[in-house]
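Enquirer: Could you have a look at this structure, given as structure tokens, before my questions?
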Amino acid sequence: MATDFGDESGEKLFDWVLRIGQDASEQAMLASAEKLKNALRNARGEIGGKGPEDAVEQPSEWAKLSMEQFASLPEYRSIKEIIDGKLTGEGIEHAFFEDKGKEYLLFKVEDAPSVSRAFGDLEKQADIALDRALEARGKTREQIRDAQPLEERAASARESAKAMEAARGKAHEVEIAAVRSK
């Protein structure tokens with residue numbers, strides 16, 4: 001099945017979406033997949049962001065990306081493994097670390113475009129994995145959305161719009177870290 005996605009991360013995304021679906025309803029699968037895609041999309045925007053102004057004076061080799069949006073999703077450990085596997089498969093040097101209670105993804109500044117592309121691939125694979133998981137349950141996205149009461153759909157749309165607006169106005173949390181490798 002990994003050949004359906006092109007790599008192991010797609011297979012793991014499918015397993016993640018299916019686990020979410022087994023633990024909850026198809027609504028939860030759809031909502032979780034959308035939240036994951038939004039987190040990946042937001043992270044891609046943050047990766048393209050600039051570091052603090054003092055980074056210009058002291059060039060750095062490393063950047064860190066907050067994993068906070070991903071940590072709030074169900075099965076965060078699996079998502080972290082998926083991201084790790086994808087970046088490793090792409091040959092991108094990276095590490096996860098905690099600082100002051102927050103988890104970050106550390107990667108080389110020069111690899112930022114590759115990290116962004118990898119997150120974009122994961123976003124596409126999340127859509128494919130969701131469709132396959134729903135298909136395995138004999139459902140489609142449209143059937144699930146149509147089964148949801150109109151009030152809930154409206155509330156969900158308002159929540160998504162607020163999240164997108166907040167992501168646009170929010171300062172990006174990519175920091176250029178003054179870390180040197182040996």
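Bear in mind these aren't lab numbers, they're just calculated from the coordinates by the rules spelled out. Computed from a predicted structure; not experimentally measured. Cβ sites come from the backbone with ideal geometry, for glycine too, and all protein chains shown count toward neighbours.
Enquirer: Pick out the one residue from A112, A118, A126 that is among the aliphatic types (A, V, I, L, M) and over 11 Å from S9 (Cα atoms). I'd like the intermediate steps shown before the answer.
Expert: On the way: A118 fails: over 11 Å from S9 (Cα atoms); A126 fails: over 11 Å from S9 (Cα atoms).
Matching residue, one of A112, A118, A126: A112.
Enquirer: If I ask for residues that are in contact with a His (Cβ under 7 Å, 6 or more places away or on another chain) and closer than 11 Å to L65 by Cα, which ones from segment 82-139 would you list?
Expert: Here is the first cut: in segment 82-139, the ones in contact with a His (Cβ under 7 Å, 6 or more places away or on another chain) are 87, 105-107.
Within segment 82-139, L105, L106, F107 qualify.
Enquirer: Then there's this: Restricting attention to segment 61-77, report how many residues are under 13 Å from the mean Cα position of the chain (by Cα) and either surrounded by fewer than 16 Cβ atoms within 10 Å (Cβ to Cβ) or among the β-branched types (V, I, T) (or both). Spell out how you get there, then give the answer.
Expert: Of the residues in segment 61-77, the ones under 13 Å from the mean Cα position of the chain (by Cα) are 65-77.
Those still in the list that are either surrounded by fewer than 16 Cβ atoms within 10 Å (Cβ to Cβ) or among the β-branched types (V, I, T) (or both) too: 68, 71-72, 76-77.
Total meeting the criteria: 5.
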